[in-house]
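Asker: I'd like to ask some things about the structure below.
Please treat every number below as a calculation from the coordinates, not as lab data. Remember, it's a predicted structure, so these values are computed and weren't measured experimentally. Please note: Cβ atoms are built from the backbone with ideal geometry, for glycine as well, and neighbour counts cover all protein chains shown.
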Amino acid sequence: MPLDPAARAALDHLAAHLGPAGLWWAAGYLAGLAQAGAVAAGANVGNVAAPAAEAGVLVLTASQTGNARRLGEKLREALAAAGHAVKVVGAADVNAKQLAAARTLFAVASTQGEGEPPDEARGLWELLAGRKAPKFADTAFAVFGLGDSSYPLFCEAGKFLDERFATLGAKRLLDRVDSDVEYADEAEAWVAAAVAAVPAPAVRAVAPVTFSFAPVAVRDADKDHPREVGILAAQRIVARQADRAVVHYELEAGEGFAYEPGDSLGVWPLNPAAVVARVAAHLPGAVLDAPVVRGKQERPLGEWLGEQLEITRLARPFLEAQAERSGAAELAAVLDKSPAGGARLQAFVANANVADVLERFPVQAGREWNAGELLAALRPLAPRLYSIASSRAAVGEEVHLTIASVDHGAASGHLWQRGTAANGNTVRAYLERNTHFRLPADASQDVIMIGPGTGVAPFRAFVQERGETGASGRNWLFFGARHFDTEFLYQLEWQQALKDGRLNRLDLAFSRDQAQKIYVQDRLREQAADLWSWLQGGASLYVCGDATRMAPDVHAALREMAQQQGGLDAAAAEAWLAELAATKRYLRDVY
Amino acid sequence: MSKSPNGSTAPLSPVEGIKTRSRALRGSLVESLANPVTGAIADDDTQLIKFHGSYQQDDRDVREERRQQKLEPAFSFMIRTRLPGGVATPQQWLALDAITREFGNGTLKLTTRQAFQVHGVVKRHLRDTFMAMNRVAIDCIAACGDVNRNVMAGINPAQSAVHAEIHAYARGLSEHLLPHTRAYHEIWLDGEKLVGEVGEAEPLYGPTYLPRKFKAAIVLPPHNDVDIYTQDLGFIAIVEDGQLVGFNLTAGGGLGATHGESATFPRLANLIGFLPKERLNEVAATVMTTQRDFGDRTNRKHARLKYTIQDRGVAWFKEELFRRLGGPLAAPKPFSFTTRGDRFGWETGEDGRLHLTLRVPGGRIVDGPTAKWMAGLRAYAELGLGELRLTANQNLQLANIAASEQAKVNTLVTEYGLGIHEAATPVALDAIACVALPTCALAMAEAERYIMDFSARVDTLLTSHGLDRERVSVRITGCPNGCARPYVAEIGLVGKAPGRYNLMLGADALGTRLNTLYRENLDETAILAALDPLIAGWAAGRRAGETFGDWTVRNGVVVPPAVEA
């Protein structure tokens, strides 16, 4: 072999990071180079530079949990491998000029809740819908939508982009894809189609991948490359009378987890054995170690149910099949696709799992599932994302999480079981960057943090970080829960932080400690004058937690504050908040 | 600022400074109540809130667990009422029943000083609790703190008229010795706010109140139910020809002590003299203000009247008191005590009204598996009969009932399982315990949660020596401060550590002789092992009517402390 060990290692490293298309392309590319004699003796391959960013391919991602961004990265890699100058940009960072300048524009967008875009894309949505929207003269585009067909407005964000780009003059390169939760195959096909659809670049512009020789930097663990992470501590942090458990975890993360405050940790769960057993009990003659085929793979049934498929979360395809097999009118009613039905379905799926549905709506005689059919109707198990509750400046190599346990929840149950086990207390985890949710670069700026419930997690990280780094800006936290006595998460730490001056203000809303319910938004209203004054002084505002009720209620309270304190009308107050968001001073991490 | 009149150069105790700065007991209580981040109040305020009848406590059973949960201790407050003579109306009972179910832990504690305690009230409910009590004319002013505490009065239903008169004196004395500050009304009852930095003048107390708590009681012989000699200030009613003529004054009793500090000790009061009944308030206030001026303000463990009298002598005390009174008191009149414990069951007063005394184990009103005290007494109070009297031994007397209502009351007692006294042994009927764990911050060992188990062990011992249903007084406290008056019990257990107690022996059965430390720091097995041969000896060698306490002294098991006349 003509390669020395270092070169061989570099080649292996490169190969490991190329997808199938990239490998084929690289093979041809290297062959071409060899043929042209371009690799002169002593040439430093590692310094082959990417071509200057010519008006080329722009990949726009609008991501909430990271899936859209990851797919965007995959597309970038594939396009780059094909020799294109390509740039990926998050929805929070893109502007009209950039969009209009792109010759080819790919967009990957996920949809939240009731057809809403990801938080980072709110500004972009306003831009595209408004008068300052870009005019496309010479742009071809394709949109890949990520969604969940359990919700009535399926893939609404993708549809919006697709419609807007076309209306604004861009030419549709590929038909829009509306993908469901199980999107891997469609995504792969779309990437291939996208690469094929972009006109081939001139050969000389090619430089597929930049990389360096040893020492090879440790790559962040990612969704497809999680690492086994040790659980150092699993401590319940609500009192014994609390009816919902919240657990504080301390994980030993180390290499590949160089997180920043605001980032999340992805955890691959395992399903609770009790739910696995209940599901299997509905498969006639099922034996957990019997091999079952799903798709192209064959695995033991127990492994499918325990490690591969979602059985603690319900999705529409399974529910529809069960409704049909059971003939249960009640279940069919839940699947009604009208807007009102959406809320009903959400409430239903929040309180039941696959085993519950199999038990409550038994299949009719002759309509029994066999193992292969049932597995085919279920979705692949997905990782759970948790806001990191610590700062590396304060806790070193640890990652802290604050997790509300859901009964029979796959991830929380798995973590708790592993965290309290004598042996084998590790989980598979990876780092999920959350670049839109960052502390202000200027440490002298004040921050206002609104994080009821486990939404307080990133703010524990923020306060730790700002304390450790000696940030001079003030910190104001709004926290809420149901009861002061039992659910005041990290109470002792906040008391200490107030004493130390690491936290300047703490406003609390305990909803059920009095006859009239009080929430964080009520505290915001009470503090409107001070909030306004902090914001006028340049403070950044962060919201983390429930997206369905809390975040809109907080938003409304902020709008009222702007109206009342700033003398703005409703539209101007809304615009003021939008401007705050556009300048990254109103950031949300809601789910 | 008060200086120690002992000429001591020692600095004043920190609590003296807190009182001085408190603007007549206000401190920063309002700010503490408004602080939403903690269920506790500021450190200085924990001293001041006692004067308002409340102690900050926390559930010690979960203290460590909550620390791990990153939660502060489960702070709550005990609220003690001021209830002179221990008499409550049915309406007041119903209010307290509702209060503890809404704001407290759903139980009531009947204290050894004839007061109610509501436990487990969290900070945000304190005001509502005080206001709800106020609506039925119950306050908690001076129920704790360095002031005159709840004034006790003996329960003697057989002498209905004299009892009523004594109760009136107890109420009058309680009012007479009440602090004048409006802080209580202002903080808890939304009274008008004090303007300025200086609190109201306190003609009796002065700006720093007393050096330490001060306990007063009135007793009606021959029943020494209030343990009159354990009080700072005592009045023994003298009845001639069925008429109350006056009182013998006692002074300088007190039970609190500290483990390992020989300068602290329980002490019985001295008999000082006789006063006509009209002079009760005057004499009481003079004893109290003498202690105000001479008590030790440098060391709170040495600050009760008993130490002032012990250090300076009874003669000095009499001289100073008589000087302040403008002349000596007459010599004490003769009297005698024949009983101390409560007499259970129905009794008929001289006026023909009926009284039913019920045994309440540990003084705890709670719905248990068999005895439904909360529900039963609620049902009783709803009948609106007579009054409810709290005895000094943590029991309850349903008092002043017409004969025509007796059957109805009996039905309730049976229905709710409240007739414990009908079968219980004398030991079980007399046993007393303080609250101790889990709420009392001072407790080192269990008391209330252990008393009935322990008294049953004592009964087993007695039975094993042929002394079935014999009477021996058993009292347990979780610490040496003496709330259950363990130093005048024939078998006194004083908590040292979880499961460990000092065993105190040698008191008489009437509360006129202190017991003495017999063995230190014993667990239950060792306590029973220590008692076994003594009870065997008593069974074999006791003289006619000789109590266990008297037997231990006669046989030199313990040597009681010398008493200064």
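Asker: Using +1 on the beta carbon of Lys and Arg, -1 on that of Asp and Glu, and nothing else charged, what's the dipole of the range B:188-335 about the Cα centre, debye to 20?
Answerer: 500 debye
Asker: May I pose another question? Can you give the local net charge around A:L232? Use residues other than it whose beta-carbon is closer than 9 angstrom to its beta-carbon, Lys and Arg +1, Asp and Glu -1.
Answerer: Net of charged neighbours comes to -3.
Asker: Could you grab the Rg to Rh ratio for the range B:278-318? Cα atoms only, Kirkwood for Rh.
Answerer: Over the Cα atoms of the range B:278-318, Rg/Rh equals 1.02.
Asker: Each residue of the range B:360-368 in turn: what ³J(HN,Hα) in whole Hz from Karplus with 6.51, -1.76, 1.60 and θ = phi - 60°, glycine and Pro shown as x?
Answerer: Result, rounded to whole Hz: 10, x, x, x, 9, 8, 8, 7, x.
Asker: State, in angstrom, two size descriptors of the protein assembly as shown derived from its alpha carbons: Rg to one decimal place and Dmax to the nearest whole number.
Answerer: Taking only Cα atoms of the protein assembly as shown, I get Rg and Dmax of 39.7, 134 Å.
Asker: Next up: So what are the range A:452-576's ellipsoid semi-axes, whole angstrom, largest first, if each one is the square root of 5 times an eigenvalue of the alpha-carbon gyration tensor? The partial results should precede the final answer.
Answerer: Details: eigenvalues 114, 78, 29 Å².
Those come to 24, 20, 12 Å.
Asker: Oh, and also: Could you give log10 I(q)/I(0) at q = 0.06, 0.13 Å⁻¹ for chain B, computed by the Debye formula over C-alpha point scatterers of equal weight, without solvent?
Answerer: Taking Cα atoms of chain B as identical point scatterers yields -0.28, -1.50.
Asker: Taking the Cα centre of the protein assembly as shown as origin, work out the dipole magnitude from +1 charges on Lys and Arg Cβ and -1 charges on Asp and Glu Cβ, in debye rounded to 20.
Answerer: 1760 debye
Asker: Based on the Cα gyration tensor of the range A:400-486, what are the three equivalent ellipsoid semi-axes, each the root of five times an eigenvalue, rounded to whole Å and given largest first?
Answerer: On the way: eigenvalues 176, 61, 27 Å².
Semi-axes (√(5λ), whole Å): 30, 18, 12.
Asker: Moving on to the next point. For the pairs A:K159/A:K337; A:K223/A:K337; B:K109/B:K408; B:K215/B:K318; B:K50/B:K109, note any where the Cα-Cα span goes beyond 22 Å.
Answerer: A:K223/A:K337; B:K109/B:K408
Asker: Cα atoms only, the range B:524-565: Rg and Dmax in Å?
Answerer: 12.1, 39
Asker: Hey, if you put +1 on the Cβ of every Lys and Arg and -1 on every Asp and Glu Cβ in the protein assembly as shown, which of B:Q406, A:F144, B:V151 ends up farthest toward the positive end of that dipole?
Answerer: So the residue we want is B:V151.
Asker: Right, another one. Let's see if you can work this out: charge +1 on each Lys and Arg Cβ, -1 on each Asp and Glu Cβ, no other charges. What is the dipole magnitude of the range A:462-552 about its Cα centre, in debye to the nearest 20?
Answerer: Working: 11 positive and 12 negative charges, 37 e Å.
The dipole of the range A:462-552 has a size of about 180 debye.
Asker: Determine which lysines satisfy two conditions relative to B:K277: a Cα distance under 18 Å, and not lying fewer than 8 residues away in the same chain.
Answerer: Candidates past the 8-residue exclusion: B:K333.
Asker: Still on this structure: In what sequence, highest mean first, do A:82-95, B:77-90 appear when ranked by Cβ atoms within 10 angstrom? Show your work: numbers first, answer last.
Answerer: Working: A:82-95: 20.2, B:77-90: 24.2.
By packing density, highest mean first, the sequence is B:77-90, A:82-95.
Asker: Quickly rank B:485-491, A:472-478 as a protection proxy: mean count of other C-beta atoms within 10 Å, highest first.
Answerer: Top of the packing list down: B:485-491, A:472-478.
Asker: When a/c reaches 1.5 or more, the comparison of a/b and b/c decides; with that in mind, is the range A:71-134 rounded, prolate or oblate per its Cα gyration tensor?
Answerer: Note, shape of the range A:71-134 comes out oblate.
Asker: OK, next. Tell me, rounded to the nearest percent, the portion of alpha carbon pairs in the range B:85-124 spaced more than 11 Å apart.
Answerer: Distances greater than 11 Å cover 63 percent of the Cα pairs.
Asker: Just how far, in whole angstrom, is the range B:278-296 from the range A:116-133 if you go by their alpha carbon centroids?
Answerer: Each part's Cα centre sits 81 Å from the other's.
Asker: With a sphere of radius 10 Å drawn around the Cβ of B:S174, what net charge do the other residues whose Cβ falls strictly inside it have (Lys, Arg +1; Asp, Glu -1)?
Answerer: Counting the neighbours of B:S174, the net charge comes to +2.
Asker: How much of the calculated P(r) for the range B:152-300 lies past 19 Å, in percent of all Cα pairs?
Answerer: More than 19 Å apart: 59 percent of the Cα pairs in the range B:152-300.
Asker: From the phi of every residue in the range B:237-242, what ³J(HN,Hα) in whole Hz does the Karplus formula 6.51 cos²θ - 1.76 cosθ + 1.60 yield, where θ is phi - 60° and glycine or proline is x?
Answerer: Listing the rounded values in order: 5, 10, 10, 10, 6, x Hz.
Asker: Out of residues 5 or more away from B:V87 or on other chains, whose amide H comes under 5 Å of its own, with H placed 1.01 Å from N in the peptide plane?
Answerer: Correct list: B:L390.
Asker: Next question, about the same structure. How crowded by other chains is B:270-283, given as the mean number of beta carbons from other chains within 10 Å of each beta carbon? Show your work: numbers first, answer last.
Answerer: Values: counts 0, 0, 0, 0, 0, 0, 0, 0, 0, 0, 0, 0, 0, 0.
Across B:270-283, the average partner-chain Cβ count within 10 Å equals 0.
Asker: Let me ask another. When a/c reaches 1.5 or more, the comparison of a/b and b/c decides; with that in mind, is chain A rounded, prolate or oblate per its Cα gyration tensor?
Answerer: In terms of gyration-tensor shape, rounded.
Asker: Taking the simple approach of a point 7 Å from Cα along Cα-to-Cβ for both A:A556 and B:E524, what is their distance in nm?
Answerer: In this crude spin-label approximation the distance works out to 5.9 nm.
Asker: Follow-up. Please report the spacing between the Cα centers of the range B:387-440 and the range A:359-375 in Å, no decimals.
Answerer: The distance from the Cα centre of the range B:387-440 to that of the range A:359-375 comes to 64 Å.
Asker: What does the convex hull of the alpha-carbon atoms of the range B:423-565 project to on average, in nm²?
Answerer: 8.5 nm²
Asker: Given R₀ = 41 Å, what would the calculated FRET efficiency be for B:H180 paired with B:T258, taking r from the Cβ atoms and rounding to 0.05?
Answerer: So the FRET efficiency works out to roughly 0.80.
Asker: Nearest 5 percent is fine: what portion of the DSSP beta bridges confined to the protein assembly as shown is antiparallel?
Answerer: Rounded to the nearest five, the antiparallel share is 60 percent.
Asker: Then there's this: Hey, got the average number of other protein chain Cβ atoms within 10 angstrom for residues in B:62-68?
Answerer: For peptide B:62-68, the averaged partner shielding equals 3.
Asker: Follow-up. I'd like the mean, over residues of B:114-126, of how many other protein chain beta carbons sit within 10 Å of each residue's own Cβ.
Answerer: Per residue, the number of nearby Cβ atoms from other chains is 1 on average.
Asker: Here is a further query. With θ set to phi - 60° and the Karplus curve 6.51 cos²θ - 1.76 cosθ + 1.60, what are the ³J(HN,Hα) couplings of the range A:578-591 in order, to the nearest whole Hz, using x for Gly and Pro?
Answerer: 5, 5, 4, 5, 5, 8, 6, 10, 9, 10, 10, 10, 10, 8
Asker: Using the Kyte-Doolittle scale, find the helices of chain B whose mean hydropathy is at least -0.5 and whose Cα atoms extend 15 Å or more along the helix's long axis, counting only whole DSSP H runs. Write down the numbers at each step before the final one.
Answerer: Working: long enough: B:90-102 (18 Å, -0.46); B:160-176 (24 Å, -0.28); B:280-294 (21 Å, -0.01); B:314-325 (16 Å, -0.13); B:451-464 (20 Å, 0.59); B:524-541 (25 Å, 1.12).
Passing helices, by number: B:90-102, B:160-176, B:280-294, B:314-325, B:451-464, B:524-541.
Asker: Among B:225-231, A:329-335, B:41-47, how do they line up from the highest to the lowest mean number of other beta-carbon atoms within 10 Å?
Answerer: B:225-231, B:41-47, A:329-335
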